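No lab work stands behind these numbers, since they all come straight from the coordinates. Not measured: the values here are computed from a predicted model. Backbone-built Cβ (ideal geometry, glycine too); neighbour counts: all protein chains shown.
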């Protein structure tokens, strides 16, 4: 089990990089989810795989009676899962809006989605807003 998990993490990272480099926005998000799962598994494996007792303290004691499993990696992974799900839902909403507005999910086709009409404000426009209003 100790050697199978790093191999699985490597496969997840490889698949996620492949999906993220594809150029399709939906595949990019699925690659991001796979990368998130690979990071979660990395944190979980780094915490150590033990079959020790759960980290519970009986009433009246100040420390566990026996050696216990480390609960910190488990808490970090649980938090990362919740944050990853929120990121996934937000990214899906953005992708849906992009598809509804532009009709495509191809990143190369979306690159040409900027407004190039005269007077349009672009990201590289350094002209202050007051001067643009005077010119119009």
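Table for the structure above
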read-out	value
Which of 68, 13 has the fewest Cβ neighbours within 10 Å, and the rest in rising order	68, 13
Calculated Rg and Dmax of region 38-105 using C-alpha coordinates, Å	19.8, 64
Using distinct alpha-carbon pairs, which all enter the 1/r mean, Kirkwood radius of region 1-67 in Å	14.3 Å
Fewest-first sequence of 104, 42 by Cβ atoms within 10 Å of each Cβ	104, 42
